[in-house]
C-alpha cells in the first residue's frame, strides 16, 4: 500500500502547531518584562526632578556623582566636544566653571551668584513632545547606538549580518503579519507594546515600569526631526511597512547578532539558551522563539549560541581617588553564560572581562579577580589620570551598557597658617583652578567666606578677617571640601591688611583734627 507522504506532513505540522499553541500560553501578554537592556520607554517632556530619579539613583549612577563628573572636566582640562549642550561652551575650548554656570550680579547682596544652579535641563535641552534629550547628542545623531546601549543593539552600517534571503513563514514582522499566531505571535509588537493598542502606556507587572508602543519609543528619540534619518526605520526602497521585508530595515539596528543574545537571568544561575523561563528574553525557551518567529518547527533552529550580552547595573564606587588603587565590585547580569556544544553536548562557558575607556578612546583592560553570574571584582589602577572613564563588561563580541567611573585628582591641605599681614596661607596640592566664590565654593573660616587673594594648585592666600587660631579653615571646589585647623601667631585677632591700613589713616586724620 502506498504511503501518503502529504498526510504525514499534515499531521506532523498539526502536532507541532498544537505544541506551539501550548507554548504561546507561556509568553506573557504585552507589555514585555522590562528587566534588561533598552526599556520600551519615552524620555522626552521631562521635568528636572525626573532627571534625578535615574541620575541620582545609587543603582544607576551612584550617590551625588553627577557633580563630580561635571567638575572633573574643569580639573583635567577636558576639551568641549562638538555638539555640546553646555550653554556657554564653545566646541574645541576648555571647560571652565562658567561653561555651565552663568553668573549674574545681585544688587541686593552686592555679589556675583549662579543663575539656575544645577538644573540638568539648563544644559541638556529637549524639544517637548518631539525629541528625547538622550538622543540629541552628536554621538546618537551619528548613529552610534552601542556607545550607550552596548550590544543590545547594532549600529547602522557596522557590517553586522542582515539576511538577504527571501522571507519565509517564520520571518518575524514588526507588526501586521497576516499569518501570525492567534495573539500576534511572530511580530515585534507581540511583546513590545503597551498591551492596549492605544497611546496610553501600559505597566509592566514585573517591574512597574511604564511601557510605550514601538512607534512612540522610536519617534521620541528625535531622529524624525532630521528627514534624512527616517530611512533608519522606514524602508524607502519599495517595501511597505506591513510586509515581510520590513524586518530587514529593523535589522539595521536590531540584527541577529544582538537579538539572539538578549536574555535576562531571572533565577541568577547563569544563562543556558533554551533552558530558561519563558518571557524574559529572546532565547530562553522555545516559546520565546515562537514569540518572534511564529508557529513553525524551523523556529527551533534559530541560532541561540555564543556569549549572551552582559549588563552592568551597579558599581560599589563611582568616584575614586587618583594615585590610589581601588577595589571595586561590578554588579549586573549575564557575566557568565553557557553554550551547549551541539555535537558533544558539552557546556562551553563564556565569561566577561572589564574595560575602562577614557575620553580619548584609550582602552585599559582590568584583570577580573573574582567573577560570578552577577558580580565581578576588579581593581581600578592607581596610574589613571583624573577624568571620566566608561566601564564596560566585555564578553567576546558582546559589550554591556557603560557605567561611568570618575577618577578625582588627590587633594589635601598640608598647612593653614595665619600671618602677621592678616592673610591666611594655605599650602597643599590638588586645589586645581580657582572657582567663583559664590554659594558654597571658595575659602571659609568657620561658616564665613574668606575673600581669595590668589589661588594655585598648591597654594591659596585668603583674607583672614576676624579669624583666630584654632578655627576651622575649609576649601571647597570641584574636588570637594578640604578642612584644616588654622595655626600661626595667634596672640591677637587678626584683620586684613586693607582694614588695618584704613584704620591707621582714620587715626591720623582724627589726631590732625584734634591739633587744629
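Only the coordinates and a few stated rules stand behind these numbers; no lab work does. Worth saying up front: this structure is predicted, and the values here are computed from it rather than measured. Ideal geometry is used to build each Cβ from the backbone, glycine not excepted, and the neighbour counts take in all protein chains shown.
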> What FRET efficiency do you get for residue 317 and residue 234 if R0 is 45 Å and r is their Cβ-Cβ distance, rounded to the nearest 0.05?
Replying inline: 0.55
>> Could you work out how much longer the chain between residue 481 and residue 203 gets when fully extended? Use 0.36 nm per residue separation minus the Cα distance between them, nm to one decimal.
In response: 95.8 nm
> Measuring from centroid to centroid over Cα atoms, what is the spacing of the range 327-361 and the range 366-395 in Å?
Replying inline: 13
>> Give me 375, 458 sorted ascending by neighbouring Cβ count inside 10 Å, so fewest comes first.
In response: 458, 375
>> What distance in nm separates the two pseudo spin-label positions at residue 225 and residue 243, each 7 Å out from Cα along the beta-carbon direction?
In response: 3.2
> Using Cα pairs under 8 angstrom and six or more residues apart, how large is the relative contact order of the range 311-408, in percent?
Replying inline: 35
> At residue 121 and residue 105, where each label point lies 7 Å from the Cα along Cα→Cβ, what is the point-to-point distance in nanometres?
Replying inline: 3.1
> In which sequence would 136, 169 go, from the one with the fewest C-beta neighbours within 10 Å to the one with the most?
Replying inline: 169, 136
>> Please report the antiparallel percentage of the DSSP beta bridges confined to the range 311-408, to the nearest 5.
In response: 90
>> On alpha carbon coordinates alone, what is the Rg over Rh value for the range 311-408, Rh being the Kirkwood radius?
In response: 1.04
>> Only counting other Cβ atoms within 10 Å, I'd like 318, 338, 165 sorted with the fewest neighbours first.
In response: 165, 338, 318
> Which parts of the range 394-428 would a label at residue 364 reach, counting a residue when its backbone N lies under 12 Å from a point 7 Å out along Cα-to-Cβ?
Replying inline: 405-409
> In nanometres, what is the gap between the two model label sites at residue 341 and residue 138, each 7 Å from Cα along Cα-to-Cβ?
Replying inline: 4.9
